[in-house]
Amino acid sequence: TAPEPPVQEAPPPEYSTEDITQALADRNSTFPALVEEVERRLGKRMSAADLRNLYTLFDHLALPTEVILMLVGWCIEEVERKYGSGRKPFLSQIRKEGFVWARRGIDTIERAEEHIAKLTRLRSQEAEVLRLLDISPRPLVEREKTYIAAWDDMGFEDEAIRMAYERTVLKKQSMDWGYMNGILRRWHE
């Protein structure tokens, strides 16, 4: 699958301290409870900027509280996986990922569960692809992740990926992700 073209989104509003204070005082809103739970999960009190970032997900993107909590959980898991136990994401990172989820229509618990399951599957797939390509285990760059996700979407098994790799190395004398992706795309078509 080709990368999604950038969507022209309305920029989020610049929430004032007063906006946040009102949202925190609203007894009919789930926002105050969301703030408490996110602070608990991150193990810290949120700054004014953090609160604005969280409120952007809640108000501007209109993500349900449960979906925001799943997003926060996923981001915490990813940061700990990459940087070690106890490390936590910044709210700006969570906000950025929240925009990705919103663009992809991940706005229900069911869609969030499906998305997290796919990301988890892709994570293990990435390690397997590195092994198939004779590359030592290492963190992948975004472009490599994009290729692997596309190959997964096209339904390629390990044997086909290995065959495409061998053809790539035979032709290019080394690994070339773009060239290998071209082979797999042609086979898929």
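The values are calculated or read from the model by the stated rules, or taken from the named source; none is laboratory data. Computed from a predicted structure; not experimentally measured. Neighbour counts are summed over all protein chains in view; Cβ atoms, including those assigned to glycine, are modelled from backbone coordinates with ideal geometry. Side chains are part of the model used for accessible areas, which takes the heavy atoms of the whole protein and leaves out ligands, DNA and RNA. Shrake-Rupley method; radii C 1.70, N 1.55, O 1.52, S 1.80 Å.
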request  = Select from the range 15-38 the residues that are assigned to a loop (DSSP other than H, G, I, E, B), over 16 Å from Leu91 (Cβ atoms) and open to solvent by less than 80 Å² (accessible area, probe 1.4 Å) and list them in ascending order.
outcome  = Ser16, Asp26, Ser29, Thr30
ask   = Any residue in the range 82-89 that is in a loop (DSSP other than H, G, I, E, B), at pLDDT 95 or above and open to solvent by less than 30 Å² (accessible area, probe 1.4 Å)?
value = yes
remark   = Expected output for the range 124-151 (first residue open to solvent by less than 80 Å² (accessible area, probe 1.4 Å) and at pLDDT 90 or above, partner assigned to a loop (DSSP other than H, G, I, E, B) and of a type in the set (Val, Ile, Thr), Cβ below 7 Å, 6+ apart or cross-chain) is Ala150/Thr1
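One line per residue, one yes/no per condition, for (1) within 14 Å of the chain's Cα centre (by Cα); (2) among the small types (Gly, Ala, Ser); (3) over 20 Å from Asn53 (Cα atoms):
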residue: Pro89; (1), (2), (3): yes, no, no
residue: Gln93; (1), (2), (3): yes, no, no
residue: Phe99; (1), (2), (3): yes, no, no
residue: Arg103; (1), (2), (3): yes, no, no
residue: Glu114; (1), (2), (3): yes, no, yes
residue: Arg121; (1), (2), (3): yes, no, yes
residue: Ser124; (1), (2), (3): no, yes, yes
task = Just need a number here: residues in the range 39-65 that are of a type in the set (A, V, I, L, M), open to solvent by less than 30 Å² (accessible area, probe 1.4 Å) and assigned to a helix (DSSP H, G or I).
result = 4
query = Being over 30 Å from Met154 (Cα atoms) and either open to solvent by 40 Å² or more (accessible area, probe 1.4 Å) or not in a loop (DSSP other than H, G, I, E, B) (or both), is that true of even one residue in the range 72-79?
reply = no
ask   = Out of all the residues in the range 58-69, is one or more over 25 Å from Arg104 (Cβ atoms), at pLDDT 95 or above and in contact with a helix residue (DSSP H, G or I) (Cβ under 7 Å, 6 or more places away or on another chain)?
value = no
